[in-house]
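Below: the structure, in structure tokens.
The values are calculated or read from the model by the stated rules, or taken from the named source; none is laboratory data. In this text, all values refer to a predicted model and were calculated from it rather than measured experimentally. With ideal geometry, Cβ positions are generated from the backbone for all residues, glycine too; neighbour counts draw on all protein chains shown.
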């Protein structure tokens, strides 16, 4: 179990949380364009980036 997860929670839980994100408009526009170039939504792109960062940090977020 990951130390930050409550007892009984796993990484496969389908429960989601909302993370408000404040960005300068130019960054939001650039992120949307980058996502579109990859055939993704901005949310999909950000989730991929977060997953990759967690994998690089050794948390094993994909387990």
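Observations on the structure shown:
- Being surrounded by 11 or more Cβ atoms within 10 Å (Cβ to Cβ) and at pLDDT below 95 holds for only one residue in 31, 45, 19, 5, and it is 5.
- The C-beta contact set for the stretch 14-34 (first residue over 13 Å from residue 47 (Cα atoms), second residue modelled with pLDDT under 95 and part of a loop (DSSP other than H, G, I, E, B), distance under 9 angstrom, 6+ apart or interchain) comprises 15/9; 28/21.
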